[in-house]
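For reference, the structure discussed in these notes is given below.
The values are calculated or read from the model by the stated rules, or taken from the named source; none is laboratory data. On a predicted model such as this, the values are computed, not experimentally measured, just so you know. Don't worry about glycine lacking a Cβ; one is built from the backbone with ideal geometry, like all the others, and counts go over all protein chains shown.
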Amino acid sequence: MLTKFPAVLSKILIPIIASIFIAACGGEDVTATHVPVSADVAQDSEYARELPIWRYVNSGWVTPLGEESADAFSRDLRVAVITSDSEMLDFHREVVSKRTNGTGTTLSRPKFPASVVLVAYLLWLPVQGDPLSVIGMEVEGNLVEVVLELEEDAQGRELPYLYAPMTMVTVDRSDLPLNGTVDFEFKLAGETLATVSDTLR
């Protein structure tokens, strides 16, 4: 009996070990679950749709030349569409920067002629914080709606003089209408305060 026991035991153990090994390694009845790749792609696509088409270039306070006669209590919006290095130089000659926040990185973002720069500034306000910004942009046909926001309760110490709060952003030319004249409507507090048309050439 003792000499036959190992043989009998091996006949019992081998099928058991084999079944355990098959279950561990997987078989026809074993299924694997995973997150479909399409779900990740859909999430990335949704994130891409939420990204704005504009990028920050500069903001702060400026003094435009030739506007000295403007009413100190006015809220006149001035805008510009810039499509070349020469137009950018002309803008900076006519609109003098006083207190701005752009860095070397942000100021180098426009790459003409592949970029279009949009600028808006508001005459006049007491200098405090960085109150004017672009918060929305929508392209519909040859109309581009630029939504501005003016922070009424700007943070920081108020200074005893008036400048014009300014915001500047850049948009890839490929994200704008390719043919014909493009109309840019600049809105503040739900009202269109300025419109400018440009062929972007």
Within the range 49-94, take every residue that is assigned to a strand (DSSP E or B) and basic (Lys, Arg) and give me the one that is modelled with the lowest pLDDT. 78
Across the range 148-172, the tally of residues that are surrounded by fewer than 16 Cβ atoms within 10 Å (Cβ to Cβ) and under 22 Å from the mean Cα position of the chain (by Cα) stands at 3
Number of the exception - residue 97 against (1) surrounded by fewer than 16 Cβ atoms within 10 Å (Cβ to Cβ); (2) under 18 Å from the mean Cα position of the chain (by Cα); (3) in a strand (DSSP E or B): (2)
Residue tally, condition touching a strand residue (DSSP E or B) at 6+ places or on another chain (Cβ under 9 Å) and without any contact (Cβ under 8 Å) to a residue 12 or more places away in the chain, over the range 72-102: 2
Of the residues in the range 124-151, those that are at pLDDT below 95 and among the β-branched types (Val, Ile, Thr) come to 127
Please work out which residue is nearest to residue 199 (Cα to Cα), limiting yourself to the range 128-165 and to residues that are without any contact (Cβ under 8 Å) to a residue 24 or more places away in the chain and not in a strand (DSSP E or B). 151
Select from the range 178-187 the residues that are under 18 Å from residue 113 (Cα atoms) and surrounded by fewer than 17 Cβ atoms within 10 Å (Cβ to Cβ) and list them in ascending order. 178, 179, 180, 181
Looking only at the range 173-187, how many residues end up being farther than 30 Å from residue 72 by Cβ, of a type in the set (D, E, K, R) and more than 18 Å from the chain's Cα centre (by Cα)? 1
Cross-chain or 6+ apart pairs with Cβ under 7 Å, the range 173-187 first and of a type in the set (Ser, Thr, Tyr), then surrounded by fewer than 16 Cβ atoms within 10 Å (Cβ to Cβ) and part of a strand (DSSP E or B): 181/197
